[in-house]
Each structure stands twice: as structure tokens, then as C-alpha cells.
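Here the structure is laid out as C-alpha cells; the discussion comes afterwards.
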Amino acid sequence: MSPNRPATDLTGDVPADGRAAPVAQDGPDTRGGDAGGRAPGYAPGRTLPLRVEFVRQLRRRRTMGMFGVLLALPWVLVVAFQFGPAGQGQSSLRLSDLATAGGLNFAAFALSVSANFLLVVAVALFCGDTVASEANWSSLRYLLAAPVPRDRLLRQKLVVALTYSAAAVTVLPLMALLAGTLAFGWNDITVPGTGEVIPAADVLPKFAVVIGYALVSQLVVASVAFLLSVGTDSPLGAVGGAVGLVIVSTILQAVEALGSLREFLPTFWNTAWLDALAPEPDYSGMVKGVAVSVTYSVILVALAFRRFRRRDVVS
Amino acid sequence: MAFPGGRRALAIVVSLVILMAAGVTWALWPSDPVVKDRDLVIPVMDGPSDDQRVDLDATFYPPASGGRAPAVLLAHGFGGSKESVREQAGRLAGQGYAVLTWSARGFGRSTGQIALNSPDYEVKDVRGLIDWLARRPEVRLDAPGDPRVGIAGGSYGGAIALMTAAYDSRVDAIVPQITWYDLADALFPDASGKGPVNGVFKKMWAGIFFTSAADRLAPGGGSGAGGLAGLAGAAAQPPGGSGGREAGQGARQGAGQAGPATPGPDQVRCGRFLPQICEMYQKVAETGRATQDAVDLLRRSSPVSVPGRIKVPTLLLQGQHDSLFPLSHADANARAIAATGAPVEVAWFNGGHDGGDGEADWLSGRTTGWFDRYLKGTGSPTGDGGSAAFTVTRDGGRDPGTRRPVLLHATGDRYPGLTGGERTTVALDGPQQPIANPAGGSPASISAVPGLGGLLGGTGGGSIALDMPGQAAVFESAPLAKPTQVTGSPTITIRVYGTGEATLFAKLYDVSGGALPVLPSSLVAPLRVTASEAGTPVTVTLPAIDRRFDAGHRMRLVVSTTDLGYATPAAPAVYRVALDTPALELPGDAALRTPATGPAWWTWALPLVAIVAAAVLLLTGRARRGTHAGDAPDAESAGVPLVISGLGKRYRNGEKAVDDLSFRVEKGQVLGLLGPNGAGKTTTMRMLMGLIHPDEGEIRIFGHRVRPGAPVLSRLGSFVEGPGFLPHLSGRANLELYWQATGRPPQDAHMEEALEIAGLGVALERAVRTYSQGMRQRLAIAQAMLGLPDLLVLDEPTNGLDPPQIAEMRRVLRAYAERGRTVIVSSHLLAEVEQTCSHVVVMHRGRLVSAGPVGDLLGTAAAVNGGGPRLEDVFLDLIGESR
């Protein structure tokens, strides 16, 4: 024991964010023996680079399958609309009836029909599968023994899972925009309900807001799935648990007797993005939605980290 | 081994579900119905000479607070009965009022005939009820025989509140809702201001109004009439839906009592109406014109006939979606009552006979607030439900969560009337246009269709307004430069050219670029004017509305010859309509203020709280771990690959998996970790890898304490409890990605040497999921050897290998140790350890049984049966099993 040595330099507890790593890594190796207690070239802050985790996840069938579905769905919808009885004559102002009014309308429609379930499943899949499947494959213990510090492993996995989720949420409306524009033309958007027309150029930035909001509103699903993923080695359990929670929340949302309590349900504000497409956009609902979403996800993610730190990995 | 994690996840889900269920239960838990009501029959005398006895079916709700309390009479709407107001009565009684509800004469189980709130009949009935209240021990008295009493009610019930207040000075406050000032004017409106005799017959509403109480169908078949009757009742007593049903029941009950099973001719003709009123209605409905007699009769039942006699505090709640009793009636009532000096407040809410939200809770709050103030004298002016001289319910957009409309209440300190606090002018434009009255008056333009709004459950925002081509003249403004809020009745002067008497309908649309034009509240202003070739100028008072015309929208005045809801002449005719002046006068009330609706406080607070909570969660998690002392590297053992001292780990059930384990491994050793299944070998190895936290003791690798993720683990290569690979990747990709995940330089991996040990050949490029058990095993050992770690830990490495591979593995391991590295091999195969290892540690039930060189261990055992000592024998000795 050498009490005069700075303990921080020697502790194995390098914070996951890697900020402390350069100190340990660049400092002269004053300790006797071999490479200061670590293999040459090893630095906690360099373990499990994002690129590696991306590749590890990318070649999975469920990743490719999910993106395949998300990219194909708009085209399936386009075909479905082409087959539908043409020219019903009545100009209804529902979102679904306006879908063929133009690319932007179509994209809004595609987002609205998929946000409630398809995107939830996609996000739950990417975030719920990430740790649980490693546990399931037993590869988690080898990563941890490599060693990838636990906080860092979670952080890297979370970043990659969220990136895939974001890609899923983004790719669908963008593909829908492309498909809709090719199929129905680049027209101004017709607002559901009122039938007002907003120029396409004005609405395009709002569309970015819509996609951004859709992303944020899926954060709760992502963090629930992630928390469950950390606690189990059954990937489907984590994904199913997150989806199940969304379903329960959606059901509760329909119970009007709950009154304003429903505002704090994680799915309550999921459709608030429709307000951004109104002629006079009202962002208050989206702000509330962001607040609720961020609140839940921050706590859930913190819980996930806390659990994983203390957990005995026995899978 | 999958259980603990799964169970915990399950626990989270279950507890969340329980939490939510608890929330639902809490929200749905019914509050105790403390109010005990009592049904009774109150006989009263009425008629012009007070000689007709009527039995009123009533219900008395004693005040929940006990003692003597102010009384409230709750009147029902047309076609309803005392049951229609049961809910509201219960609520008021709960708030400390003695409440009396009754079925008006001719309705429900009450006897008598409908006299339309006549001073001779219904008003005298209510005076009788007040007499009855004055005798109740629960009712507070202002003077003997004079109870403290207020009256509230909607539509028909609102009118009786006004009429009783005019005829009985004992009434202390009233809250009439969606009711009339002049019934004649309501049924025969004329927007040119020439009065009901010149008015246009509102035939659809009048028909519904009169037939709803007629009950002309046989008992049991009365639901049709009752359902229709409910329209008036439903709108008057939101929440709707139930109102219609109750009305139907009431009608049936009434029929059952009032007459024989087969109704007579008079009954099918007049139902329960007083014959005199029935006659009047039949006459005017046939001709479509009001006679002076009819007007006089209807006005007897209207506040217009009692100027200056309603002197009590009055809260007038009128619906914005009401083509039967539009806002102008509340305006007239307000002016008449305010002229006496009595306090008056006016609210235009989102509701009325044409539907809309109804705002039942808000109306109830305002009503209670009014009575609290003027009957109890307690409620503060800004108390429950708010209070303001003028309140207008406005559209607050849609609730983002429910997608349902949000209502805001704009308030002002002063009621400006329909002419508004200030006026703006918008210029209309349009040429003189010919319009035709179709023969027979059909097809007709459509504005408000009585009952339809209620049936659709509409928000009132959507309109189905329709104009027939050739029947409507259109005058339009330029797009508005700025938003214009109209609160009140716009006026415009038009000229009608032609001959004869023209029935016209004027309406003001809100026209935006892409959408359908919106007719605010679906209201039209009917007028009758005598056309002349020179053009008769007529100033039209358009329906009172509260609407914001957005910038860029246009205002469109349409003058049409027909409307579905009104009687129009059958004779074909053509008129020409032009603007007399282009100026459309628009009243507004800038003093109306909508309460600020900034984001709720929690919008900002919640995320901040969450971040703090998250920080606490993470920091406390860290602190507990950081309390361990002795994390500094131990210089003395820095050269020793592994020192385990006092190591202990409990299973969750408290049983010790590893108990006070201590041993030491020196450089160059091949150590065998020997023990039967369940001896704690794997648990020890997991602690060695930092996968599980020891309960006591410590492990040091090259002097550094092992913790989860300790950097010293980078000098450890491990293969424990089977391989762990990504099944969708090839063997090579798995090893390469694993090495990249360690973040160490590629040249340190010694990939080729490792792959040689794996000996997979071309299979290396196949996905791991296609591998056999032995192939995975070899790949996993190769992975453990990546980077040639100083300490190699292998758990049952020869499982699944064939004999040649086992032999090769022994050779590899011995060679590995000869290079100055250290190998730890766990096994339950004694021969394996004997042949591979230089040293051995024997474990049993989590404890160390023996440790030392294999040779020493063998030396302690005596030769058996002439042969050399076998490790098996030694081992069985050690763990205390008999041979």
C-alpha cells in the first residue's frame, strides 16, 4: 500500500463518461510492475466505440427487418390508396381522406397512423433489445470483463439505440414524403378539420418540428424499454413490457374520469404534433408533452444506470 | 439464471400497473351521496280565479348542512320533468341549499295542463311552492311566510324563474338559462325590428316546441314525441343524452296518468296543452303569420309583459348556439332588469338549444356562486365559478392531449349589450343581385336545423350551412387586414327591389381561403320587407355572435329567400337585393379579457425535478460503492497475478455460495480450480471478472482490486460458463468487434495466433449461429486469449471438445503458462486437472479445502492398491466422501 499516492489516479472506478480517463491514461506510469494495472493501450474511455456498437447492431436481422418495414410502409400505403375506390365525390376533411392531397399531407397521415403503434414498437425494439439481447447471448459478460466500464457500456448502448430509434422515427415520414410526393405531387398542405391550405414552403420547417416532437415523445418508450432491458436477459420481455406500458397508458388515457391526471400519462401528448400543422400553430401542448416525456425518461434512464451499476451479472 | 432479472422487470411492470390502477380507482371512487331526497305531491291552487287544484309532483332535497338554509327552486326544461334536474338538485343540496324540484303542470306526473308559464297558472303554482317552502323547518325565512329563495332553470324553467320573480316579491335571486324575453318574438322574429306581427314564423322550432309536450301518441309509443321533446330538454339541461331519455319517460308517465290507453281526438290534437294555447298555435302554424291575439297570449308568458317588475339579482346564462332563444333575448332581459337597479350578470356560454359543449360544470359553478352571493351572502365576487358582469365562452383551440376543443372564458366588468362597447366598420362589396323565391319554398337554404346540433353532439363550431343557387345574394368584404373580434349584433342596411312582400334571411359568413365558409353558430336573421321598385331600404340586425374573424378572412353577407327552419311563402317571386350602404357595422367589446393561459407551472418544474431526482439516484448509487476502502493498489502483491482473500458471496436466499475463500496464484502457474458442481467455482470466477459484487473479502489481480469495470481486468482473459457471441456475425467478425470493443490497438490483439488456437478454418467466415458447441467453445477460448492476457481464466475449457482437441488444449495451456503467464482452469474432471495443472485449489461448498502443487497433494495420499496415488482418491478424501 502506498498512502502517498493519489487515490483517484489508481482507483478502478473510472467514471463512465471517460473524462477521468485521460488522467489515468496519459499520466506517467509511476507504479511498479506492468503498465500500471492495465494492459498496454487500454483506456476505459476508448472501450466500445460507438462505431463498433453500430456495426454490432446493424447486421442484426431485426434491425434490418424493422427498417425494411418502415421504408416499405409508405409505398404500401401509396398502393393502398391507388387501389381504393377513386373519386368518392365527398370532400371530407379527415386526415385520412386528405392523405392523397399531396406529399406533405401523405407524410402527416403516415406519421399519424404509425406513431401510435409501429413507431412505438420500433423504438421499444431498439432500446429494449440492446442490453437484454447481449445478456441473452452471454456476450454481455465478456464485454464487461473486457472491461467496458458499466456506465460507459450503458451510455454507448443508449446512444446507439436512441440513434437507431431516431432514424426509425425520421425515416418513415421522410420516405412517406418522398413516396407521397411522387405519387400525389408536391402540393400545399390541407389542414384536417378546417380544410385550410398552407403553402408547402411554410409548412416544411414545421414538419421538421413535427418529426422532432415525434422523436421526443417516443423518449418515454425508449427509456422504459431501456430500463427493462437492463433488468432482464429476455429481449422480448423488455420490448413487450415497454409496448405493454404504452398500451396501458393509452387505455387509461381514454378514461375521462381521470380528468387532468391524464395529462401526466406518458402517451397523453403523443398526438400534440398535429397542432404544429394548424394554420395558427399552438405549441403549448407540445411543450407540455416534451416536459412530461423528458421527466419520465430522465428518471427512467437514471434508474437504468443505477440498477446496472449494482446488478450482479449472472446471465 | 434468467430469473432474478426477469422477476425484477416484472415487478416494475406490476407495480406501475398497480399504481395506475390505484390512480383510476381514486379518480373513479364515487363520492358519498349524502343528500336524502323525498318525493311528495304538493297541491296548489291556480287559474284566473284561484279555483283550480293542481297536484304537483315534487322532490324536496333537504340541505346537507342541516339547519335552516336558503331554498332553491329548480325548474326543468320543456318536455322534461323534475327528474331532469335531479343531478343538479343533489349538487346544490350538497352545497347547503334546501332544493325543491317539481314537474310543471302538464309535465311528468303532475296534473293540469300546460299554460306556457302563464301568470294565471304556472306562476301561481310556483307561488304555491314558495308558500310550501315557507312552512318547512329546513328553510331560512326572511320574514314569516317569506323564505329566502332563489329560482334556477333552463329554457321553459328559466322563463318561470323570470316570471315568478316578477309576480312574487319573495324571490331573492334568479338564474335563468337559455330562455326567452319575448316568446312571440322568439317564434316570429323580424330582424328589421318591426315586431312579431311582421315576423317570420320559426316553424321547425315552434313545431318541436309545441309537439314535444303534446304527447299525442298512445302510451308506449310516446318515445318518438318524447325523444323529440328531449331536444329542448337536453339542450336546456346538459349533459345531454340523459335529458332526452328522461323527457321520454316523463311523457310516458304523464300519458299513463292523464288519460285512457287510447287517446281521444283532443288529446292527439293538443296533448296536455291548455285548449286556448293549442288553438292559438294551430292557427298561427297554419297561416305562418302571428295574429295580435297570439302575440298577446305569448307575451303574457314573457318577461316583456312585466317591465320593471323583476328587481332581484339575476344571472342570465344564454347559449351561443341557440336559434330558438338567441342571445338577443338575454340582452333584452338584462337591460330590463338592470333598469330596475338590480344586479345583473350575463354570460354567453358554449351551448344552447342547438347543442354545443353545454359547459354543465361551469354553469353549475356560476349558478352556485350566484346563490352563494345573493342567498347566503357568503360567496366572494371572485369565488367559485368566477363572476363578472359579462362572460363570453370562447374557443381556446384544441386540447393537445384529447384533441377536443378547449373553452376559455373571457370576462369584462361591464355588459355592453349587443351594440357593443365599440364599433368598427367593414366595407362590403357586391352588385345588385336578383334572387328567386322558389315555388313552394323548396329547396330551402339550411342554417341551424333544430335538434340536429344536439343530435350530432356537435361542438357548435362546425356548421352545415348551405345556400341554394339562385336564391341568395352575396356581398363580400376584402380580406381583413387584421383579426376582427365581433361581439354582438352586426348591422347592415340593404335595399330590396321588386314588388310585394319579401321574406328574406340575412347571414354573415366567415370565409377563409381554402375552407368551407363558416356560418357562426349557424344563425340567420329573418326579415319580412315590402319590396318596391325604387328599392326599400331596410336595416338588418344580424344575429348576435361572438366570433373572431381572422386576418386574411373575408366577411360575406348572404341574403337568401329561404331557410329550412322558417315558414316562407309558397308563391314564386323574384326580388333584387343590393347594399344600401356598404358599411357593415360590427360591435366589439375590447374590455373582454381572456385569462392568460401560459404553460402550466409543471411544464417547467417537472423536468427540473426529474433531473434532480436522476442526479440523486445516480450519485447515491455511486456513493455506496465508493465507501470501500483499500482500493489503492497493493505494491506488495503487484507482481502476483491473483490474490484472493476472505472472499464471500451469498445467494439471495442467504446460503453462502463462496465462504471465506483465500488463495494465491503465482506467475507461470497453471492452477486447477477443482470442485464438484456447486462448489462455488463459477461464482468465484464471476467475481474475478467483476461481474458480481463480493459480499466480503477482496480479489486482487496484480495488486489491483477487482471491481466491476476495473482497468486491471484488461489484463485478464476469460472464458466462463460458455461462449457469448453475437449469433448473426461470423466468428472472425465477432473476435474483431470484441477486440475493437476493448479499445486497444489492433496490433496488440495477436489475432492470428488466437485464430490458430480456435482452428476453425473456413468456418471462421460463417455466422456463429451455424457453429457446433465445440466450435463455439474453441472460438470463445480464442477470444479469451486475444491480446495474450497475463492471466487467463478458463471455466471447463475442454467441455465439448473431442479427445485430440483436448490434448491440444492441454498443450496450449501449458505452453501459455511457460511464457510467464498464468492460467487458471476450473474443472470438475480430476484427470483433466491432473494432466494440465501445476497447482490445484480444491473447493467444496464454497470453501477452500486444499491448495498447493498437484504433486504435494498427491504426496499426502497413500498409495492405494499398489498403484500411484490418484487425484480422484485425494479429492474424495478431501471433500469427505467415502470411496
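The values are calculated or read from the model by the stated rules, or taken from the named source; none is laboratory data. Just so it is clear, the structure is predicted and the values come from calculations on it, not from any experiment. Positions of Cβ are backbone-derived with ideal geometry, glycine not excepted, and every protein chain shown enters the neighbour counts. Note: areas computed on protein heavy atoms with side chains; ligands, DNA, RNA excluded. Shrake-Rupley method; radii C 1.70, N 1.55, O 1.52, S 1.80 Å.
Which pairs have Cβ atoms under 8 Å, sit 6 or more apart or on different chains, and link a residue in the range B:4-28 that is at the interface with chain A (Cβ under 7 Å from one of its Cβ atoms) and at pLDDT below 75 to one that is assigned to a helix (DSSP H, G or I) and open to solvent by 70 Å² or more (accessible area, probe 1.4 Å)?
Sorted first by the residue in the range B:4-28, then by its partner, the pairs are B:Ala27/A:Leu261.
Filter the range B:724-734 down to residues that are surrounded by 24 or more Cβ atoms within 10 Å (Cβ to Cβ) and more than 7 Å from chain A (Cβ to nearest Cβ), then give me how many there are.
2
Across the range B:777-823, what is the total count of residues that are of a type in the set (Val, Ile, Thr) and within 14 Å of chain A (Cβ to nearest Cβ)?
Selection size over the range B:777-823: 3.
Given the criterion outside the structural domain of B:Leu564 (by TED's automatic domain parsing) and either modelled with pLDDT under 90 or out of contact with any strand residue (DSSP E or B) (no Cβ under 8 Å at 6 or more places or on another chain) (or both), identify the matching residue among B:Asp125, B:Asp146.
Being outside the structural domain of B:Leu564 (by TED's automatic domain parsing) and either modelled with pLDDT under 90 or out of contact with any strand residue (DSSP E or B) (no Cβ under 8 Å at 6 or more places or on another chain) (or both) holds for just one of B:Asp125, B:Asp146, which is B:Asp146.
Could you give every pair whose Cβ atoms fall below 8 Å, whose first residue belongs to the range B:170-190 and is closer than 22 Å to B:Arg127 by Cα, and whose second residue is polar (S, T, N, Q) and open to solvent by 10 Å² or more (accessible area, probe 1.4 Å), counting only separations of at least 6 or pairs across chains?
Hits for this filter: B:Tyr181/B:Ser328.
Sort through A:Val239, A:Val230 and tell me the only one that's open to solvent by 10 Å² or more (accessible area, probe 1.4 Å), touching a helix residue (DSSP H, G or I) at 6+ places or on another chain (Cβ under 7 Å), under 30 Å from A:Leu140 (Cα atoms) and more than 7 Å from chain B (Cβ to nearest Cβ).
The unique qualifying residue is A:Val239.
For the range B:739-754: of the residues being within 7 Å of another protein chain (Cβ to nearest Cβ) and open to solvent by 30 Å² or more (accessible area, probe 1.4 Å), which is farthest from the chain's Cα centre (by Cα)?
Residue satisfying both the conditions and the ranking: B:Asp748.
Is it true that A:Leu178 is touching a residue at least 12 places away in the same chain (Cβ under 8 Å) and either closer than 17 Å to A:Leu277 by Cβ or in contact with a strand residue (DSSP E or B) (Cβ under 7 Å, 6 or more places away or on another chain) (or both)?
no
Hey, does the range B:666-682 have a residue that's surrounded by fewer than 22 Cβ atoms within 10 Å (Cβ to Cβ), part of a strand (DSSP E or B) and modelled with pLDDT of 90 or more?
no
Identify the single condition in (1) more than 11 Å from every other protein chain (Cβ to nearest Cβ); (2) under 15 Å from the mean Cα position of the chain (by Cα) that A:Thr250 does not satisfy, given that it satisfies every other one.
Result: A:Thr250 passes all but (2).
Given B:Arg373, B:Arg335, B:Arg366, which one is assigned to a helix (DSSP H, G or I), among the basic types (Lys, Arg) and buried (at least 24 other Cβ atoms within 10 Å of the Cβ)?
Testing whether each residue is assigned to a helix (DSSP H, G or I), among the basic types (Lys, Arg) and buried (at least 24 other Cβ atoms within 10 Å of the Cβ) leaves just B:Arg366.
For the range A:265-294, name all the residues that are β-branched (Val, Ile, Thr) and either on the phi > 0 side of the Ramachandran plot or surrounded by 24 or more Cβ atoms within 10 Å (Cβ to Cβ) (or both). Can you show your working first?
Step one: of the range A:265-294, the residues β-branched (Val, Ile, Thr) are A:267, A:271, A:287, A:290, A:292, A:294.
Selection gives A:Thr267, A:Val292.
Would you pick out the residues in the range B:775-826 that are without any contact (Cβ under 8 Å) to a residue 60 or more places away in the chain, charged (D, E, K, R) and assigned to a loop (DSSP other than H, G, I, E, B)?
If the condition is that a residue be without any contact (Cβ under 8 Å) to a residue 60 or more places away in the chain, charged (D, E, K, R) and assigned to a loop (DSSP other than H, G, I, E, B), then B:Glu796, B:Asp802, B:Arg819 are the ones that fit.
I'd like to check something: does the range A:198-213 contain any residue that is within 9 Å of another protein chain (Cβ to nearest Cβ) and more than 30 Å from A:Ala99 (Cα to Cα)?
First pass over the range A:198-213, keeping only residues within 9 Å of another protein chain (Cβ to nearest Cβ): A:198.
Restricting the remaining residues to those that are more than 30 Å from A:Ala99 (Cα to Cα) gives none.
No, because not a single residue in the range A:198-213 is within 9 Å of another protein chain (Cβ to nearest Cβ) and more than 30 Å from A:Ala99 (Cα to Cα).
Name the one entry in B:Gly500, B:Gly535 that is open to solvent by 30 Å² or more (accessible area, probe 1.4 Å) and on the phi > 0 side of the Ramachandran plot.
Just one listed residue meets the conditions, B:Gly500.
More than 11 Å from every other protein chain (Cβ to nearest Cβ), among the aliphatic types (A, V, I, L, M) and surrounded by fewer than 23 Cβ atoms within 10 Å (Cβ to Cβ): which single residue out of A:Ala161, A:Ala176, A:Ala222, A:Ala166 fits that description?
A:Ala166
Which count do you get for residues in the range B:509-522 that are open to solvent by 10 Å² or more (accessible area, probe 1.4 Å) and in contact (Cβ under 8 Å) with a residue 60 or more places away in the chain?
2
Is it fair to say B:Tyr566 is aromatic (Phe, Trp, Tyr), within 41 Å of the chain's Cα centre (by Cα), crowded, with 18+ Cβ neighbours inside 10 Å and not in a strand (DSSP E or B)? Walk me through how you get there before you give the answer.
Values: aromatic (Phe, Trp, Tyr): yes; within 41 Å of the chain's Cα centre (by Cα): yes; crowded, with 18+ Cβ neighbours inside 10 Å: yes; not in a strand (DSSP E or B): yes.
Considered against the rule, which asks whether it is aromatic (Phe, Trp, Tyr), within 41 Å of the chain's Cα centre (by Cα), crowded, with 18+ Cβ neighbours inside 10 Å and not in a strand (DSSP E or B), B:Tyr566 comes out as yes.
Taking A:Thr63 as meeting all but one of (1) at pLDDT below 80; (2) farther than 30 Å from A:Asn187 by Cβ; (3) within 11 Å of chain B (Cβ to nearest Cβ), write down the number of the exception.
It is condition (1) that A:Thr63 fails.
Check B:Ala817 against each of (1) open to solvent by 10 Å² or more (accessible area, probe 1.4 Å); (2) more than 20 Å from B:Glu721 (Cβ to Cβ) and name the one condition it does not meet.
Failed condition: (1).
For the range B:789-805, enumerate the residues that are at pLDDT 85 or above and surrounded by fewer than 17 Cβ atoms within 10 Å (Cβ to Cβ).
Within the range B:789-805, B:Asp802, B:Pro803, B:Pro804, B:Gln805 qualify.
Quick one: in the range B:283-327, of everything that is hydrophobic (A, V, I, L, M, F, W, C) and assigned to a loop (DSSP other than H, G, I, E, B), which residue is farthest from B:Ala159 (Cα to Cα)?
So the residue we want is B:Ala290.
Have a look at B:Pro144, B:Pro119, B:Pro137 and point out the one that is surrounded by fewer than 24 Cβ atoms within 10 Å (Cβ to Cβ), touching a Phe, Trp or Tyr at 6+ places or on another chain (Cβ under 6 Å) and on the phi < 0 side of the Ramachandran plot. It would help to see each step written out before you state the result.
Values: B:Pro144 fails: touching a Phe, Trp or Tyr at 6+ places or on another chain (Cβ under 6 Å); B:Pro137 fails: touching a Phe, Trp or Tyr at 6+ places or on another chain (Cβ under 6 Å).
Among B:Pro144, B:Pro119, B:Pro137, only B:Pro119 is surrounded by fewer than 24 Cβ atoms within 10 Å (Cβ to Cβ), touching a Phe, Trp or Tyr at 6+ places or on another chain (Cβ under 6 Å) and on the phi < 0 side of the Ramachandran plot.
For (1) among the aliphatic types (A, V, I, L, M); (2) away from chain B (no Cβ under 11 Å); (3) surrounded by fewer than 22 Cβ atoms within 10 Å (Cβ to Cβ), each residue gets a yes or a no:
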{"residue": "A:Val121", "(1), (2), (3)": "yes, yes, yes"}
{"residue": "A:Phe126", "(1), (2), (3)": "no, yes, no"}
{"residue": "A:Asp129", "(1), (2), (3)": "no, yes, no"}
{"residue": "A:Asp151", "(1), (2), (3)": "no, no, no"}
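Being in a helix (DSSP H, G or I) and either aliphatic (A, V, I, L, M) or more than 7 Å from chain B (Cβ to nearest Cβ) (or both) is the filter here, so list the residues in the range A:266-288 that pass it.
Answer for the range A:266-288, where residues must be in a helix (DSSP H, G or I) and either aliphatic (A, V, I, L, M) or more than 7 Å from chain B (Cβ to nearest Cβ) (or both): A:Ala272, A:Trp273, A:Leu274, A:Ala276, A:Leu277, A:Met286, A:Val287.
Residue-by-condition table, conditions (1) at pLDDT below 80; (2) in contact with a helix residue (DSSP H, G or I) (Cβ under 7 Å, 6 or more places away or on another chain); (3) of a type outside the set (Phe, Trp, Tyr); (4) open to solvent by less than 50 Å² (accessible area, probe 1.4 Å):
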{"position": "B:Arg414", "(1), (2), (3), (4)": "no, no, yes, no"}
{"position": "B:Arg423", "(1), (2), (3), (4)": "no, no, yes, no"}
{"position": "B:Leu428", "(1), (2), (3), (4)": "no, no, yes, yes"}
{"position": "B:Pro431", "(1), (2), (3), (4)": "no, no, yes, no"}
{"position": "B:Ala439", "(1), (2), (3), (4)": "no, no, yes, no"}
{"position": "B:Pro450", "(1), (2), (3), (4)": "yes, yes, yes, yes"}
{"position": "B:Ala465", "(1), (2), (3), (4)": "yes, yes, yes, yes"}
{"position": "B:Met468", "(1), (2), (3), (4)": "no, no, yes, yes"}
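I'd like to check something: does the range A:50-57 contain any residue that is surrounded by fewer than 19 Cβ atoms within 10 Å (Cβ to Cβ) and either of a type outside the set (A, V, I, L, M) or at pLDDT below 50 (or both)?
yes
I'd like the residue in the range A:289-315 that is among the small types (Gly, Ala, Ser) and closer than 19 Å to A:Tyr213 by Cα and, out of all such residues, is nearest to the other protein chains (Cβ to nearest Cβ).
Applying the filter and picking the extreme gives A:Ala291.
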